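Notes follow once the structure below has been shown.
The values are calculated or read from the model by the stated rules, or taken from the named source; none is laboratory data. Being a predicted model, the structure only gives us computed values, none of them experimental. Cβ placement follows ideal geometry from the backbone for every residue including glycine, while neighbour counts extend to all protein chains displayed. The protein model used for the area step is the full one, side chains on, heavy atoms only, and it has no ligands, DNA or RNA in it. Shrake-Rupley method; radii C 1.70, N 1.55, O 1.52, S 1.80 Å.
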Amino acid sequence: MDKCKNMSMKYILAIDQGTTSSRAIVFDEDQKIISESQREYELQYPNNGWVEADPDEILNSVEETINNVLDGLPHEIAACGITNQRETVVVWDKSSGKPIYPAIIWQDRRTSDLCNKLKDKDNLENEIREKTGLLLDPYFSASKIQWILDNVENAREKAISGELCFGTIETYLIWNLTEEKNHKTDATNASRTMLMNLKTTQWDESLLKIFNIPKIILPEICPCDDTFGSIKAHGMKFPITGVIGDQQSALFGQNCFEFGEMKSTYGTGCFLMVNTKEQIHKSEARLLSTVGCMLGNKTTYALEGSIFSAGTSIQWLRDEMEFFTDASESEGLIDENFDSKGINFIPAFTGLGAPHWNSEIRGSIHGIQRDSSRKDIITAVFKAIAFQTLEILDALEKDGVSVSSLKVDGGMVQNKRFLQMLSNILSTDIKKPDQIESTAVGAFKIALLGSGIKNIDEIKKIGTYDETKAVPSIELNNDYQTWKAYLTKNL
Ligand code: ADP
């Protein structure tokens, strides 16, 4: 009996290509993890505000994790889903497949002058906001692509003559992993390039003109549940039937299918996203409108608050301050009463995202006294991450969206004391899914849909929540006003 059941069980490979690491997870169709593998890779910081990575290293890390999970796997893979860090730009040579420049990571701020110049032009910022739902900021891909075409020798001529391809990470992976060498993206990733029209979900000629980017280098935009090509690995061959940007994937993975449902992911950065269904919500509070998901020809939209530094701050405490050797040790170093003894931290390593959108500001620590300790600084860093979340919730409220409970995920939510602090600072319940890998879960679910193994009603029933949610205990909001005052002084 059991054997029959297992034979009909389908297995899905989810690839999650993040900013600090790549993961591959094999799920069965009930979302049980069968095998998983993760590999970190290096980022480079070659200049003030610059963040790069070697695209080959990213690709190798993905291939290695795929091989690890398939090695010895007693099942065939039915389909594969990909989710990825968004906005990061790779440009490569079409015939050799070799990147012409390192990947410029989403955190990179080198194009802030370029964006400021565009802001000075008449009504351009409004036009861009109207068409893309985004703010004119170096975060998005367009100015990064323009920088590569303007600064790498012969790049522009080669681009115009069709010798180059551009892709965000999923496109680079699809190109390299599929037998067909497909040049495709999905609508969620495309919506973060600043080159796609939100309404039509197609590349927009006038945006391409603004950023001086030839259309010929761009991939085809497809629905998330399309078929993107087939992968051959470990003697198996299986189709990619789901592709979705990481934050949208977490929204889907957290089952936020209804209007107003919200999740917050604490990974390298922190991203709050609310489902706004078929409405393109125009934010007055400098949040972003974006594609939440595109299934077939049906597009749903979302509102997003992007915080650039969350886990990055924890890595900085670990690697540069050398306060601990493993992120998990940080939990015991947060003060039990969440008291940072007057220390305030502004986590602006590469500027600030929503709602400030300031590329120039850099990080700072305030209020250091003779007896300030490592513990005080660590507590202040975690508090700053929670305060930034509160800023986004305030912005959402200004936009008419109020949040009664929050679903969280990402590497940082393994830290229970941080979750309690977050719950106190936000004065709201925090819900954590059983599997905090919501990003990979989203890709798994889209791949299940795209392959036809399950329909949307069946997908909605998968996944359960951890009962160990945090509920607010003590109020910490006075500290928020002090932190805001320091932040405002720095802006
Ligand atoms: P990404 O997908 O952006 O690569 P992840 O969701 O894997 O990021 O989260 C990784 C981040 O979580 C790292 O920056 C790491 O420092 C942080 N992290 C991991 N475990 C903990 C912990 N116990 N406490 C605080 N931060 C943690």
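Based on what the data block shows, is Glu130 part of a helix (DSSP H, G or I) and open to solvent by 10 Å² or more (accessible area, probe 1.4 Å)?
Judged against the criteria, Glu130 is a match.
Out of the residues in the range 152-177 meeting the condition of being open to solvent by 10 Å² or more (accessible area, probe 1.4 Å) and touching a Gly at 6+ places or on another chain (Cβ under 9 Å), tell me which one is nearest to Met236 (Cα to Cα).
Leu177
Out of the range 334-351, which residues are open to solvent by less than 30 Å² (accessible area, probe 1.4 Å) and among the hydrophobic types (A, V, I, L, M, F, W, C)?
Ile334, Phe338, Ile343, Phe345, Ile346, Ala348, listed by residue number.
Examine the range 262-285 for a residue that is more than 16 Å from the ligand (Cβ to nearest atom), in the same structural domain as Gln202 (by TED's automatic domain parsing), free of Cβ contacts under 8 Å to residues at least 60 places away in the same chain and surrounded by fewer than 19 Cβ atoms within 10 Å (Cβ to Cβ), and state whether such a residue exists. Can you show your working first?
Within the range 262-285, the subset more than 16 Å from the ligand (Cβ to nearest atom) is 262, 274-285.
Adding the requirement that they be in the same structural domain as Gln202 (by TED's automatic domain parsing) leaves none.
Within the range 262-285, none of the residues are more than 16 Å from the ligand (Cβ to nearest atom), in the same structural domain as Gln202 (by TED's automatic domain parsing), free of Cβ contacts under 8 Å to residues at least 60 places away in the same chain and surrounded by fewer than 19 Cβ atoms within 10 Å (Cβ to Cβ).
Among the residues of the range 252-261, those that are within 16 Å of Leu449 (Cα to Cα) and open to solvent by 10 Å² or more (accessible area, probe 1.4 Å) comprise Phe252, Gly253, Asn255, Phe257.
Residues of the range 415-447 being open to solvent by less than 40 Å² (accessible area, probe 1.4 Å) and among the charged types (D, E, K, R), which ones?
Within the range 415-447, the subset open to solvent by less than 40 Å² (accessible area, probe 1.4 Å) is 415, 418-419, 421-426, 428, 430, 432-433, 436, 438-447.
Within the range 415-447, Lys432, Lys445 meet the criteria.
Mind checking which residues of the range 395-414 are touching a residue at least 40 places away in the same chain (Cβ under 8 Å), more than 12 Å from the ligand (Cβ to nearest atom) and open to solvent by 10 Å² or more (accessible area, probe 1.4 Å)? Please lay out each step first, then the result.
Step one: of the range 395-414, the residues touching a residue at least 40 places away in the same chain (Cβ under 8 Å) are 395-396, 398-399, 401, 403, 406-414.
Filter once more, so that each one left must be more than 12 Å from the ligand (Cβ to nearest atom): 395-396, 398-399, 401, 403, 406-407.
Passing the criteria: Lys398, Asp399, Val401, Val403, Lys407.
Can you find a residue that is under 25 Å from Gln202 (Cα atoms), out of contact with any strand residue (DSSP E or B) (no Cβ under 8 Å at 6 or more places or on another chain) and open to solvent by 10 Å² or more (accessible area, probe 1.4 Å) anywhere in the range 300-315? No - not one qualifying residue is present in the range 300-315. Per this entry, Leu295 is not counted among residues that are surrounded by fewer than 23 Cβ atoms within 10 Å (Cβ to Cβ), in the same structural domain as Gly363 (by TED's automatic domain parsing) and within 16 Å of the ligand (Cβ to nearest atom). For the range 1-91, the strands (runs of 3 or more DSSP E) that sit wholly inside it and include 3 or more residues that are away from the ligand (no atom under 16 Å from the Cβ) and either in contact (Cβ under 8 Å) with a residue 12 or more places away in the chain or more than 17 Å from the chain's Cα centre (by Cα) (or both) are 11-17, 21-28. Against the list (1) within 21 Å of the chain's Cα centre (by Cα); (2) modelled with pLDDT under 85, the condition Ile474 fails is (1). Candidates Ala384, Ala354, Ala380: the one that is more than 12 Å from the ligand (Cβ to nearest atom), open to solvent by less than 60 Å² (accessible area, probe 1.4 Å) and at pLDDT below 95 is Ala354. Taking the conditions (1) of a type outside the set (Lys, Arg); (2) open to solvent by less than 10 Å² (accessible area, probe 1.4 Å); (3) closer than 19 Å to Arg417 by Cβ; (4) within 14 Å of the ligand (Cβ to nearest atom) in turn, Thr325 satisfies each one other than (2).
Evaluated against (1) outside any strand (DSSP E or B); (2) open to solvent by less than 10 Å² (accessible area, probe 1.4 Å), Gly97 falls short on exactly one condition, (2).
One residue alone among Leu487, Leu491, Leu449 is over 20 Å from Met273 (Cα atoms) and touching a Cys at 6+ places or on another chain (Cβ under 9 Å), and that residue is Leu449.
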